[in-house]
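Here is the structure we will look at.
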Amino acid sequence: MVALSVADGVLIVAALAFAWSIGAHYTGACMGMAFSAGAVTRREALGWMAVLTAVGAAVASGKVVGNIGLNLVDAPELSAVSAAAVVGTAFALTTVYNYAKVPTSTIQIFVFCLIGVSLGAGIPVHWGNVVGLVEIWATAPLAAVALGYLFTRLLSLRSGVERPATGSRWSSPAAALLVVMALAASFAMGANDVANATAVFVSTGLTSILLAGVIGGLALAVGVVSWGGRLLSTVSFDIVRLDRRMAVAAQAAQATVILVAVVLVGAFTSMNQALIGGMAGAGLARGERTIHWPTLRGILVGWAVGPASGILAGLACTVALVRLGVPL
């Protein structure tokens, strides 16, 4: 049995806490539409999401965890202390933004905290891989806009999709489709976001890629069921006025973009940015007047805040550790 150092213990606790927070954070982005539409109860939404999130992290996150854990910085030089600084800083920064209700991406905060800590600790950054990841981040919301538009137009051709429910909440095809898309988004979230928390296990040699996904997925699931209920209704309907068909299209666009990035490319991208792109595309398909442009502009500004603050916070954390005499 391998003995763990104090630094390893701190890293594990910080990573699992971050995974717990991420799981709770994304209940609205994954199940919020289905819950708000009355297609699922609160218990069903949280229970099903927890299961699908854990499964997605365990079976579909391998490429992302390996890519992020090994290819963004020179992994052999990333110590347990430096990795704990990355995850702890990202967790703290995300918590601050959540409290202040500033729309940001946990993925982008994590990556730029990693870059900030690496720069401060003198760890080589693989800038080509970082640039490739940023290109995916720029492309994903645009792809979601296009898919949201396309899916809305296709669903609009099928008037039966919006047929009112008679008796059971499952009588509406739109409600059933919305639940399916929410479950797909939950699976995608596990595959996509677990690397935020546990890719550092691979970087530091604590676990294999598979085990990092399994452990992180379980922590995500605990976050969903223990704290996700208060965030379940936080889908930003202030951006676009959605009917059920538009909601199905937006959620389908989100899940498609995330799964393509994760499974085919081996990169992670923002759940919220993909969802907002899908919502914007659905709004465009129904007419520009359905989109609240001031709200959307505010979200775009928020997206720019995360990366800049991540680098600064990572650098500041590293400087503070050096001044305290903590070996990196």
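Where a number appears in this text, it was derived from the coordinates with a stated rule and is not lab data. Since the model is a prediction, treat every value here as computed from it, not as a measurement. Don't worry about glycine lacking a Cβ; one is built from the backbone with ideal geometry, like all the others, and counts go over all protein chains shown.
Quick notes on this structure:
- FRET E, pair Val134, Leu154, Förster distance 41 Å, beta-carbon r, rounded to 0.05: 0.85
- Remark: C-alpha extents of the range 85-131 on the principal axes read 33, 21, 11 Å, sorted largest to smallest.
- Percent of C-alpha pairs per 5 Å bin in the range 72-150, short distances first: 3, 14, 20, 19, 17, 14, 8, 3, 2, 0.
- Cut-off 11 Å between beta-carbons: net charge of the residues surrounding Ala267, Lys and Arg +1, Asp and Glu -1: 0
- For Val240, distant residues with modelled amide H under 5 Å away: His292
- Furthest towards positive pole of dipole, Val257, Leu220, Leu133, structure part the chain, Cβ charges: Val257
- Annotation: extensible slack from Ala92 through Ala3 equals 29.2 nm (criterion: 0.36 nm per residue apart, minus Cα-Cα distance).
- Residues Arg230, Arg244, Arg153 in ascending order of nearby Cβ atoms (within 10 Å, fewest first): Arg230, Arg153, Arg244.
- Residue of Ala188, Ala282, Ala39 that the Gaussian network model of the chain assigns the largest fluctuation, springs spanning Cα pairs under 10 Å: Ala39
- With contacts taken as Cα pairs under 8 Å and at least 6 residues apart, the range 1-129 reaches a relative contact order of 33 percent.
- Taken over the range 1-134, the convex hull of the Cα atoms encloses 147 Å³ per residue.
- Going from the fewest other Cβ atoms within 10 Å to the most, the residues His25, His292 appear in the order His292, His25.
- Among Cys317, Cys30, Cys113, the ranking by other beta carbons within 10 Å of each residue's beta carbon, starting with the fewest, stands as Cys317, Cys113, Cys30.
- Options Gly28, Leu11, Asn98, ranked by Cα towards positive dipole end of the chain, top entry (Cβ charges): Gly28
- Taking packing as the residue-averaged number of other Cβ atoms within 10 angstrom, the listed peptides 262-272, 127-137, 300-310, 13-23 run from highest to lowest as 13-23, 262-272, 300-310, 127-137.
- Our analysis of the chain gives Rg over Rh at 0.99, with the two radii drawn from alpha carbon positions and Rh computed by the Kirkwood formula.
- Computed over the chain: relative contact order in percent, which uses C-alpha pairs under 8 Å that are six or more apart: 36
- Rounded to whole Hz, the Karplus (6.51, -1.76, 1.60) HN-Hα couplings of the range 252-268, x for glycine and proline: 5, 5, 4, 4, 5, 4, 5, 5, 4, 4, 6, 7, 8, 9, x, 10, 9
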